[in-house]
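To start, the structure under review is shown below, and the notes come after it.
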Amino acid sequence: MKILFFVGGISRESLNRKIFHAMAVMSPLDVEIATFPIEELPFFSQDQEKDLPSKVRELKDAVEIADGIVFITPEYNRSIPGVLKNAIDWASRPYGKNSFKGKMVAVLGASPGNVGTFGAQNHLDAILSYLEAMTMAQPETYLKVGDAFDAQGELTDPKLREILQLFWASFMTWIERHDAAGNGTHARHMGETPSAPLS
Ligand code: FNR
């Protein structure tokens, strides 16, 4: 199973990037992990939709071959970082070629702040719902993170490890349940139906 991660924090010391590394280390054995360098995408412009930049084509391919997608988002001003929204906008276009349609997705995020990225995740849920992705509703994973990592960036907090393990197990079950029901758009079903968003 291929799981693609979008990490909304692109700084060297990003807390959310550390969460990604911790999740990669504890991933189930039959899972192949990938991430996409969203910081290498150009800024979205409709002028480039007819002839997509090569990085954008790579992005859409990565989304389309994934069996599941995990978004790990920081919270910027109670929303998602612009760099993450930029990637989502690209993958949703051009009109009728929304790569997220029917994809099994899950969202989590970490912040030193008290609401643990609730505001960002709330916005992200709305975006993904509009794009007809199938977002795992539970467990909600709003992480307020202080000293959970050592100087090498390794996860040292057992409670956080437990939360991330639960997230992994829940997401695997979410994907398998929808697979068994024949719902959702996995790699092998992609590209059949033109879809929203509207131009
Ligand atoms: C923040 N931060 C922040 N934190 C929060 O809990 N709610 C918020 O609305 C914001 N807003 C915000 C805006 C901007 C522009 C910055 C740079 C920061 C703090 C943020 O949670 C903290 O810097 C995290 O460490 C960012 O995640 P990464 O990049 O470390 O993964």
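Computed quantities for the displayed model
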read-out	value
Close pairs from the stretch 111-139: first in contact (Cβ under 8 Å) with a residue 60 or more places away in the chain and of a type outside the set (F, W, Y), partner in a helix (DSSP H, G or I) and more than 16 Å from the ligand (Cβ to nearest atom), Cβ under 9 Å, at least 6 apart	L131/I88; L131/A91; A133/I127
Members of the stretch 103-115 that are near the ligand (Cβ under 7 Å from one of its atoms) and aliphatic (A, V, I, L, M)	A110, V115
Residues that are among the polar types (S, T, N, Q) and either within 14 Å of the ligand (Cβ to nearest atom) or in a loop (DSSP other than H, G, I, E, B) (or both), drawn from the stretch 14-55	S14, N16, S27, T35, S45
Restricting the stretch 1-13 to residues that are within 13 Å of the ligand (Cβ to nearest atom) and of a type in the set (V, I, T), the residue that is surrounded by the most Cβ atoms within 10 Å (Cβ to Cβ)	V7
Qualifying position, being at pLDDT 95 or above, hydrophobic (A, V, I, L, M, F, W, C) and buried (at least 20 other Cβ atoms within 10 Å of the Cβ), among L108, L52, L41	L108
Every pair of residues 6+ apart whose Cβ atoms lie under 7 Å, when the first sits in the stretch 9-23 and is over 20 Å from N77 (Cβ atoms) and charged (D, E, K, R) while the second is more than 6 Å from the ligand (Cβ to nearest atom) and part of a loop (DSSP other than H, G, I, E, B)	K18/G153
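Yes/no per residue for (1) surrounded by fewer than 16 Cβ atoms within 10 Å (Cβ to Cβ); (2) more than 11 Å from the ligand (Cβ to nearest atom):
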position: T117; (1), (2): no, no
position: A126; (1), (2): yes, yes
position: Y130; (1), (2): yes, yes
position: A133; (1), (2): no, yes
position: A151; (1), (2): yes, yes
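The values are calculated or read from the model by the stated rules, or taken from the named source; none is laboratory data. In this text, all values refer to a predicted model and were calculated from it rather than measured experimentally. Every residue, glycine as well, gets a Cβ built from its backbone with ideal geometry; the counts of neighbours run over all protein chains shown.
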